[in-house]
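Laboratory data are not the source of any read-out in this text; all were calculated from the coordinates shown. Since the model is a prediction, treat every value here as computed from it, not as a measurement. Heads up, the Cβs are rebuilt from the backbone with ideal geometry, glycines too, and the neighbour counts pull from every protein chain shown.
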Amino acid sequence: MIGAIDIGGTNIKYGVVSQGGVIEWEQSIPTHALDGLDAVIKRLRGVVTQITERSPNVQAIGIGVPGVVDPTTKHVQAPPNLPGWHNVDLLAALSPLPFALAIENDANAAALGEATMGAGMEHPNFLYVTLGTGIGGGVILDGQPYRGPHGDAGEIGHIILDAWAREGALDPRPFRTGVMEEYAGLQGILRMAREQGEDAENIRRIQNDAVFKEAGRVIGIGLCSALAVLGLRVVIIGGGVSQAPFIIESIKSTMKHRAIPTIADALLVLPARFGSHAGLIGAAAVGRAVVAA
């Protein structure tokens, strides 16, 4: 049995996953990211305690985090949706434990889970896209995650869609100006809904399907750029927001229309097998890899 923790900007999902990829149990608590690093780490320690007390036979715990993980130090590098996290040694903060801890970028983790047990099993090369509080990506090449030399490959939410966006209009950080995540991440979708007259406090309250179709169009355009660089033909889409109506269909139709012909003609856009559970299954896959090593 492998413990799994999927840290998001909104919620922390955790549970235990069998060797065959079956979720034995799972829970979710709010991240409360704005409370700061120390508060979130305290919550994570409580999560680890719950896992070990409820399932004392776990062999390892895998953790997915929404940001770059340094490939050498395994430190978490300033995830945009977790304020105050700068070069954080999360593994040390949660240690010592009587078993291994492993950490990975959440999208890379989910991509690994889909590659080994999910929709990517028959596709050795694909781009995994996670739609949640933010937009993340994981690249699988020859069946293995490609992280790049510095661990930051696949950060597709930062593809710039609007070169004329006014710096600081939506976010004071320059690297967030005009990027896909600002327009079609969770806050961008809620903003679209409000602009169309909806009183939307969360995504479940959005009634206008046009909002999700537009979000899918924006994401599809960004993914056309990603595939043009990567030369891939398969896209697998997961994360909680991927469950919203029409969003995957809109992404697919946009990409078929806007991608370069050599890609569009062979394009395959698939829902993640594990859907909103992809992050949790992926975190377990990361933990399982440590046990197998």
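Data table
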{"quantity": "Computed label-point distance, nm, for sites residue 50 and residue 28 using a 7 Å Cα→Cβ extension", "calculated": "1.2"}
{"quantity": "FRET efficiency, residue 152 to residue 92 (Cβ-Cβ, R0 22 Å, nearest 0.05)", "calculated": "0.55"}
{"quantity": "Relative contact order computed over the chain (Cα-Cα under 8 Å; 6+ residues apart), in percent", "calculated": "21"}
{"quantity": "Centre separation in Å (Cα based) which lies between region 140-202 and region 87-131", "calculated": "21"}
{"quantity": "Helical contribution to [θ] at 222 nm, DSSP H n ≥ 4, -39,500 (n - 2.57), averaged over the chain, rounded to 500", "calculated": "-11000 deg cm²/dmol"}
{"quantity": "0 to 90° range, to nearest 10: angle between helix 247-258 axis and the chain longest Cα axis", "calculated": "50"}
{"quantity": "Order by protection proxy (mean Cβ within 10 Å, highest first), peptides 27-35, 100-108", "calculated": "100-108, 27-35"}
{"quantity": "Reachable lysines from residue 13, criterion Cα separation under 23 angstrom, eight or more residues apart if same chain", "calculated": "42, 74"}
{"quantity": "Reachable lysines, given that their alpha-carbon falls under 22 Å from the alpha-carbon of residue 252 and they are not under 8 places away in the same chain", "calculated": "213"}
{"quantity": "Residue 39/residue 122 FRET efficiency (R0 41 Å; Cβ-Cβ; nearest 0.05)", "calculated": "0.45"}
{"quantity": "Dipole of the chain, positive end: most advanced residue of 117, 40, 105 [Cβ charges, Cα centre]", "calculated": "117"}
{"quantity": "Peptide ranges 83-93, 12-22, 175-185, 278-288 listed from the most packed, as the mean C-beta count within 10 angstrom indicates", "calculated": "278-288, 175-185, 12-22, 83-93"}
{"quantity": "Extension gain from residue 208 to residue 257, taking 0.36 nm per residue of separation minus the Cα-Cα distance", "calculated": "15.3 nm"}
